[in-house]
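Here's the structure we're looking at; comments come further down.
The values are calculated or read from the model by the stated rules, or taken from the named source; none is laboratory data. The model shown is predicted, which means the values in this text are computed figures rather than measured ones. We place every Cβ from the backbone using ideal geometry, glycine too, and count neighbours over all the protein chains shown. Keep in mind that these areas ignore ligands, DNA and RNA; they rest on the heavy atoms of the full protein, side chains included. Shrake-Rupley method; radii C 1.70, N 1.55, O 1.52, S 1.80 Å.
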Amino acid sequence: MNADPTLDLEARAHSEHAQELRLWLRLLTCSQLIEKRVRTGLREQFDTTLPRFDLMAQLERHPEGLKMKELSHRLMVTGGNVTGITDQLVGEGLVERTEVDGDRRAFRVRLTPRGHTAFAEMALQHEQWIVQAFEGMSPRDLDQLHKLLGKVKQHQLDINQRLGAAAE
């Protein structure tokens, strides 16, 4: 029997480990389980992948398009990854490349009308999957969790800023 590796993350922690470590592993496990659901749904319902969805989401936020380098930075992947995904989406008529004035080597990528339509359908379903992931929680629980995670986020941003300042 193959164990689900996402479940193993949390199972690694024992009662003698710090509560913070156990919480961190629970957060990772929850995130990975939700992501697995989204990846499976995108593949089964739309014959696409999460990286393709993420690229299209970036383009949806920028109707004027983005340069390939900007896409790579926003998606935190290599230029080669962005090029490969973009090539696929261009081939399917979902995105288009246009030349950038004053830079013969750069291209701007944007969704085509067909791409906008396809992404809107995927985004609506994506939102439903995320809502389903939290259906077991009351509105009050959701609000409290959001606020608590906001505290964790802000604290980590503060730490990162201090560490960045110390490294300079």
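If you go through segment 39-76 and keep only what is under 11 Å from the mean Cα position of the chain (by Cα) and basic (K, R), you end up with R39, R52, R74. Sub-7 Å Cβ pairs linking a first residue in segment 38-51 that is within 9 Å of Q125 (Cβ to Cβ) to a second residue that is polar (S, T, N, Q), at least 6 apart or interchain, are G41/Q125; L42/T48; L42/T49; Q45/Q125, ordered by first then second residue.
Please verify whether L148 is free of Cβ contacts under 8 Å to residues at least 40 places away in the same chain, open to solvent by 50 Å² or more (accessible area, probe 1.4 Å), more than 30 Å from F46 (Cα to Cα) and out of contact with any helix residue (DSSP H, G or I) (no Cβ under 9 Å at 6 or more places or on another chain), treating the condition exactly as stated. Yes; evaluated as a whole, the condition is true for this residue. Here P63 meets each of (1) of a type outside the set (V, I, T); (2) touching a helix residue (DSSP H, G or I) at 6+ places or on another chain (Cβ under 9 Å); (3) outside any loop (DSSP other than H, G, I, E, B) with one exception, condition (3).
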